[in-house]
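Presented below is the structure to which this report refers.
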Protein chains: 2
Amino acid sequence: MAPQLQGYFDQVDLMSDSFIARLAAAVAIPSVSADPELRHHVFKMADFLEKLLLALGATVERRPLGIEPARPTLELPPVILSRYGNDPNKRTILVYGHYDVQPALKEDGWATDPFVLSVDEKTGKMFGRGSTDDKGPVLGWLNAIEAHQKAGIEFPVNLLMCFEGMEEYGSEGLDDLIKKEAKNYFKDAEAVCISDNYWLGAEKPCLTYGLRGVSYYELTVHGPAQDLHSGVYGGSVTEPMTDLVKLLGTLVDNKGNILIPGLSELVAPLSEDEKLLYQGISFEMQDLYDGLGSETSIHPDKERTLMARWRYPSLSIHGIEGAFSAPGAKTVIPAKVIGKFSIRTVPNMEPKDVDELVYQHLNFEWEKTRTNNTMKVGLGHAGKWWVSSPKHWNFAAASKAVESVFKVKPDMTREGGSIPVTLTFEQATGKNVLLLPMGSSTDAAHSINEKLDKRNYIEGIKLLGAYLHYVAVEPQIEQ
Amino acid sequence: MAPQLQGYFDQVDLMSDSFIARLAAAVAIPSVSADPELRHHVFKMADFLEKLLLALGATVERRPLGIEPARPTLELPPVILSRYGNDPNKRTILVYGHYDVQPALKEDGWATDPFVLSVDEKTGKMFGRGSTDDKGPVLGWLNAIEAHQKAGIEFPVNLLMCFEGMEEYGSEGLDDLIKKEAKNYFKDAEAVCISDNYWLGAEKPCLTYGLRGVSYYELTVHGPAQDLHSGVYGGSVTEPMTDLVKLLGTLVDNKGNILIPGLSELVAPLSEDEKLLYQGISFEMQDLYDGLGSETSIHPDKERTLMARWRYPSLSIHGIEGAFSAPGAKTVIPAKVIGKFSIRTVPNMEPKDVDELVYQHLNFEWEKTRTNNTMKVGLGHAGKWWVSSPKHWNFAAASKAVESVFKVKPDMTREGGSIPVTLTFEQATGKNVLLLPMGSSTDAAHSINEKLDKRNYIEGIKLLGAYLHYVAVEPQIEQ
């Protein structure tokens, strides 16, 4: 039987002002994890959540993470673990969010104070750092609990919560904690839901079932012992930049084709089923052009564009360390230059196979240059891709929840970037992980004038609650 | 009849302590033209020279240059014009030098205080900013006058002097002054001598008859309106870095061959005569390796190495503006990237022809990329090459002077870099210009621990005086 949700929805509408006030109170705490000066506000934000959770009747355990390795004078903010409900007859769902935010200064170009939630009543836009990333979604779970209590509706699941305070600065310590708690605090979890990404566009909700991985490389070419003057030495010395530019030129063409032999063979073939998924997705080329601020796309059509972003690898050359990079002119022959490039990886590319092909290719091309400089290539960091089944009951429940709130079937999307915690949760718990976004693509997370639309927040609270109702009753037929 | 110089040489030896004390007094004035805080010391250095010149009986005219255009709160230091002698029966020689210096801080790694001349009595090295560049040579001319006076030897020429105080910061205003004074203050000049460069090695003097020019280009590739996240957009957008790297890869190979069609045809052919000049030059490949701090030379032999530095063009890629250039990793797709490269030019490359070939080549290669980004290439700055005849009487006189002081024939050298004032003097006065270095290649001008060897300073004073004796009597047979 489909859950009866109208009472809950009405209650959320009734409480919308207080939910917005709660978001304003959270935004007012500048919990910037990158800034040592503001670290105490990250702790304050942990206190804020703990107090709210306790008031709702949840149990809370603060997990200290010790000192920050790179900045040993700083203590890491705690991970807030919380449980609401302990009924063996209910499903247990684990949700994740983060309570820290990106840095923000009025001087960066914000139209309003970034740490004051500024609600534009006409457009419904609620501006403020953290509004969409990720304080809105985190409060969404808490608001859902409260609305159930106020409406006298039984909460449909046991809810496990994991809220961290370092997501915007490397999630230091989180992976170990998740691995440790998988068989402890999280042991009852039957599925995982993360609300920390965005709709593909501004209108239509989506469920996200895949993320690309990334392997980041540094390619170093080294010759003279120190930088040289091109007037004195130009023509007599083998210049590292010449070799580096040549090598970087062998990696990718401007149509996005990666030129590293063997790499494309690692990519999972496109099935007919998967192909069909792309046709229906609500996305226009104009959406891409709006994002780029130009029409310099590789593909002319939606399907190939989305596939290129989600299910095919890409290679980007990010820049060069050690060469002249300032405005103006400098007649230097750089002695040691480090090219930086990364490959966005997709199923079934094993990171170690990718490394091997990259090294093999660069060594081969290096030999061809017949240079007397020296070359070194190494992996900077790597994160694996993640793909879940959009047909899993966790997704099926979320899909029905979207329909009940938005009267539309969600798009099944993937994303081009990585959210490493997704894979960590999946591997540590062995359970299905769903990405259920609240905000939209226009929210400008990480940028100036970050906002969350009132509609996305309020309907989003309904969505999170509805999801918990559907996931409570969804039969476990498909994995 | 060869000049009788022993009396002058003996007098210089006799006065060497006072000449070193004079250099110490000059080094003690931190006349750093780049530093606004030290600008008053540049003026103090101008006063120092003016006072010395007047004491020697020279006439002095200070030419104010107005305010510094880029930093309008700063007044430019004056050009010191001076004349010693006004005998219509004598030749008139114009000499140039500069009294400002490069910045220097003890913290940069100096072993001694950069503004205290520190004489190592064992090695004869005299450390101090400006010792070799260019206070030693400037004082050399004044010391030569004084030694003549003290020895009671008639000064052989009328000496015109032009000393500027902005050489290390762009010689602001100097070109216009030289052009203006060519037919005024400098109108009697029959030849020009500049002592502001260095021996090719540490042992053997040289005369320098050529300098390469430089044409500096900026190659801009522009796509999206702002930097993009490679996770989100990688694979869907035509990346400007991919296009730029491809284009930069078409400019030069790692053997130093410039790949721009037509460019090598502009280079003056190597004559048999010229080829012979290179064989005798005192230079070992080890000297190059010492300079590089590595053995990553293009050519294995001296002759081709020196030709590559002096008489053939070279192309260096200096770096990229707008891409990621810091240590660490950033997964950015840069929206607008500016490749910087320059070509060292030689006879008979006309700068405008070089520009045309560069633009033509890049446009052709750009078309081949079939990209939808936009490209722009432009000239940053250009300075023309300069080559004089090493057989001119000005050089013949200097060569004899070297032999009389050092008992060895000087090497006839060119340099790979540009000293733009050389060409300005030649074009403005229409007279032969000679570069007559005092310091050696090991002096570390512009670096930490700049020094001038006592031998180079004292024998250099003899050399400048001897040059004036020989140039006074050298027949004007060869141009």
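The values are calculated or read from the model by the stated rules, or taken from the named source; none is laboratory data. Model, not experiment: these values are computed from the prediction. Note that we place each Cβ from the backbone using ideal geometry, even for glycine, and neighbour counts take in every protein chain shown.
Within the range B:164-189, track down each residue that is farther than 17 Å from B:GLU75 by Cα and surrounded by 17 or more Cβ atoms within 10 Å (Cβ to Cβ).
Across the range B:164-189, the qualifying residues are B:ILE178, B:GLU181, B:ALA182, B:TYR185, B:PHE186, B:ALA189.
Can you tell me which of (1) out of contact with any strand residue (DSSP E or B) (no Cβ under 9 Å at 6 or more places or on another chain); (2) surrounded by 15 or more Cβ atoms within 10 Å (Cβ to Cβ); (3) not in a helix (DSSP H, G or I) is the one B:SER342 doesn't meet?
(1)
Being out of contact with any strand residue (DSSP E or B) (no Cβ under 9 Å at 6 or more places or on another chain), more than 14 Å from every other protein chain (Cβ to nearest Cβ), closer than 24 Å to A:VAL12 by Cβ and of a type in the set (Gly, Ala, Ser) narrows it down to one of A:ALA428, A:ALA401, so name that one.
A:ALA401 is the lone residue from the list that is out of contact with any strand residue (DSSP E or B) (no Cβ under 9 Å at 6 or more places or on another chain), more than 14 Å from every other protein chain (Cβ to nearest Cβ), closer than 24 Å to A:VAL12 by Cβ and of a type in the set (Gly, Ala, Ser).
Quick one: how many residues across the range B:360-370 are in contact with a strand residue (DSSP E or B) (Cβ under 7 Å, 6 or more places away or on another chain) and either modelled with pLDDT under 95 or of a type in the set (Phe, Trp, Tyr) (or both)?
Summing the residues that are in contact with a strand residue (DSSP E or B) (Cβ under 7 Å, 6 or more places away or on another chain) and either modelled with pLDDT under 95 or of a type in the set (Phe, Trp, Tyr) (or both) in the range B:360-370 gives 1.
Look at the range A:220-252 and say how many of its residues are within 7 Å of chain B (Cβ to nearest Cβ) and within 36 Å of the chain's Cα centre (by Cα).
Residues in the range A:220-252 being within 7 Å of chain B (Cβ to nearest Cβ) and within 36 Å of the chain's Cα centre (by Cα): 7 in total.
Taking the stated definitions as given, is A:LEU288 more than 9 Å from chain B (Cβ to nearest Cβ) and either hydrophobic (A, V, I, L, M, F, W, C) or in a helix (DSSP H, G or I) (or both)?
Here the answer is no, as A:LEU288 does not meet what is asked.
Matching residues to (1) under 18 Å from A:ALA225 (Cα atoms); (2) in contact with a strand residue (DSSP E or B) (Cβ under 8 Å, 6 or more places away or on another chain); (3) at pLDDT 95 or above; (4) more than 9 Å from chain A (Cβ to nearest Cβ):
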site: B:GLU284; (1), (2), (3), (4): no, no, no, yes
site: B:THR296; (1), (2), (3), (4): yes, yes, yes, no
site: B:SER314; (1), (2), (3), (4): no, yes, yes, no
site: B:ILE320; (1), (2), (3), (4): no, yes, yes, no
site: B:ALA323; (1), (2), (3), (4): no, yes, yes, no
site: B:ALA326; (1), (2), (3), (4): no, yes, no, no
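Look at the range A:302-322 and say how many of its residues are aromatic (Phe, Trp, Tyr) and in a helix (DSSP H, G or I). Walk me through how you get there before you give the answer.
So in the range A:302-322, the residues aromatic (Phe, Trp, Tyr) come out as A:310, A:312.
From what is left, the residues that are in a helix (DSSP H, G or I) are A:310.
Total meeting the criteria: 1.
From (1) in a strand (DSSP E or B); (2) of a type in the set (A, V, I, L, M, F, W, C); (3) more than 23 Å from the chain's Cα centre (by Cα), pick out the condition that doesn't hold for A:LEU81.
Unmet for A:LEU81, out of (1) in a strand (DSSP E or B); (2) of a type in the set (A, V, I, L, M, F, W, C); (3) more than 23 Å from the chain's Cα centre (by Cα): (3).
Which of the residues belonging to the range A:378-398 are closer than 30 Å to A:ASP353 by Cβ, away from every other protein chain (no Cβ under 14 Å) and either not charged (D, E, K, R) or not in a loop (DSSP other than H, G, I, E, B) (or both)?
Of all residues in the range A:378-398, those closer than 30 Å to A:ASP353 by Cβ come to A:378-392, A:394-395.
Filter once more, keeping what is away from every other protein chain (no Cβ under 14 Å): A:387-392, A:394-395.
Passing the criteria: A:VAL387, A:SER388, A:SER389, A:PRO390, A:HIS392, A:ASN394, A:PHE395.
Quick one: A:TYR457 ticks every box in (1) surrounded by fewer than 24 Cβ atoms within 10 Å (Cβ to Cβ); (2) away from chain B (no Cβ under 13 Å); (3) among the hydroxyl-bearing types (Ser, Thr, Tyr) bar one, so which box is it?
All conditions pass for A:TYR457, except number (1).
Output yes when any residue across the range B:337-356 is hydrophobic (A, V, I, L, M, F, W, C) and without any contact (Cβ under 8 Å) to a residue 12 or more places away in the chain, and no when none is.
No, because not a single residue in the range B:337-356 is hydrophobic (A, V, I, L, M, F, W, C) and without any contact (Cβ under 8 Å) to a residue 12 or more places away in the chain.
Within 14 Å of the chain's Cα centre (by Cα), within 28 Å of A:THR132 (Cα to Cα) and at pLDDT 95 or above: which single residue out of A:CYS193, A:CYS162, A:CYS206 fits that description?
A:CYS193
Are any residues in the range B:253-282 within 14 Å of chain A (Cβ to nearest Cβ), outside any loop (DSSP other than H, G, I, E, B) and surrounded by fewer than 17 Cβ atoms within 10 Å (Cβ to Cβ), and if so, which ones?
Answer for the range B:253-282, where residues must be within 14 Å of chain A (Cβ to nearest Cβ), outside any loop (DSSP other than H, G, I, E, B) and surrounded by fewer than 17 Cβ atoms within 10 Å (Cβ to Cβ): just B:SER264.
Which strands (runs of 3 or more DSSP E) does the range B:109-197 wholly contain that include 2 or more residues that are free of Cβ contacts under 8 Å to residues at least 60 places away in the same chain?
Output list reads B:118-120.
Restricting attention to the range B:328-359, report how many residues are more than 7 Å from every other protein chain (Cβ to nearest Cβ), at pLDDT 95 or above and closer than 30 Å to B:SER236 by Cα.
The total comes to 7.
Name the residue, out of B:GLY417, B:GLY465, that is surrounded by 24 or more Cβ atoms within 10 Å (Cβ to Cβ) and in contact (Cβ under 8 Å) with a residue 24 or more places away in the chain. So that I can check it myself, show each step before the final result.
Details: B:GLY417 fails: surrounded by 24 or more Cβ atoms within 10 Å (Cβ to Cβ).
Result of the check over B:GLY417, B:GLY465: B:GLY465.
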